[in-house]
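Each value in this text was obtained by applying a stated rule to the coordinates, not by laboratory testing. Quick caveat, the model's predicted, so the values are computed rather than measured. When we count neighbours, we look across all protein chains shown, and the Cβ atoms used for this are built from the backbone with ideal geometry, even at glycine.
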Ligand SMILES: [Zn+2]
Ligand SMILES: [Zn+2]
Ligand SMILES: [Zn+2]
Ligand SMILES: [Zn+2]
């Protein structure tokens, strides 16, 4: 009956065995003291945010890994993004931050350092956007991660808007060519093409399907190269390398 490894017998006369919700094993009363914990598997399977009773051994383990970014939501249960509103909100924020990171990390060293410091020690939040620690997920449950990320976004985007170096890495909407510099992290105002990485105004893009740049590339590949002017693919701005999320 006692699968926990300790030698104390459990049973009707010796005290009731207690099940650990993390391991599913039974423990005696001294190995299981009713500590409650968020269970990673239950949380990721169906966003079960309640705490469940675990053995001492499981508690120690869960505490040990609490702040380690070990859980990849995209890999473990991508459907969760569709069903869990707070998590999909955080995903959008992390996508914006990932895009902002590309700007700040290619700006002056002090700027990159400032961003790093604000997110320290959780740099994976910007870089590996599907990765979470249990502590992060608890913050999603408590509604604390989104405001934290929003604050970092506010800092990073106001840097880009006011920095001449970053400005050079912005985009000009090729569809309206109104000269305004736009950026992929402007979530509602701009739209990035998944095919070529070009950035357009959301409105302009909605009116132009398919993406003109992709179409041009397609044609370019089909025709002899001499047929096409070599500069045609460049809208006059340097591009931050497109990062697939
Ligand atoms: Zn025991
Ligand atoms: Zn800059
Ligand atoms: Zn436009
Ligand atoms: Zn495109």
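Express in nm, to one decimal, how much length is gained between residue 113 and residue 33 on full extension, taking 0.36 nm for each residue of separation and deducting their alpha carbon distance.
On the way: separation 80, 0.36 × 80 = 28.80 nm, distance 4.43 nm.
Length gained between residue 113 and residue 33: 24.4 nm.
Roughly what angle does helix 212-222 make with the longest principal axis of the chain, taking Cα atoms, 0 to 90 degrees, to the nearest 10?
Approximately 80 degrees, to the nearest ten.
Distance between the C-alpha centers of the stretch 143-169 and the stretch 184-219? Whole Å please.
Taking the Cα centre of the stretch 184-219 as reference, the centre of the stretch 143-169 is 22 Å away.
Can you tell me the relative contact order of the chain? Whole percent, Cα pairs under 8 Å, sequence separation 6 or more.
Details: 317 pairs, mean separation 33.5, N = 245.
Normalised by residue count, the contact order of the chain is 14 percent.
Taking the Cα atoms only, what angle lies between the long axis of helix 109-119 and the longest principal axis of the chain, rounded to 10 degrees?
Once rounded, the angle reads 30 degrees.
Among 56, 222, 16, which comes first, then next, by fewest other beta-carbon atoms within 10 Å?
On the way: 56 17, 222 8, 16 11.
In order of increasing Cβ crowding within 10 Å: 222, 16, 56.
When every alpha-carbon pair in the chain is counted, what percent end up more than 31 Å apart? Mind showing how you got there, number by number?
Working: 13169 of 29890 pairs.
Of all Cα-Cα pairs in the chain, 44 percent lie more than 31 Å apart.
Return the inverse of the average 1/r over all pairs of distinct C-alpha atoms in the stretch 71-167, which is the Kirkwood hydrodynamic radius, in Å to one decimal.
Numbers: mean 1/r = 0.0722 Å⁻¹.
Kirkwood radius, the stretch 71-167: 13.8 Å.
If contacts are Cα pairs under 8 angstrom and at least 6 residues apart, what is the relative contact order of the stretch 71-167 in percent?
Details: 82 pairs, mean separation 37.4, N = 97.
Computed value for the stretch 71-167: 39 percent relative contact order.
Using the alpha-carbon atoms, what tilt in degrees (0 to 90, nearest 10) does helix 85-104 show relative to the longest principal axis of the chain?
On a 0 to 90 degree scale, this one is about 50.
Roughly how far apart, in whole Å, are the Cα centres of the stretch 91-110 and the stretch 43-66?
32
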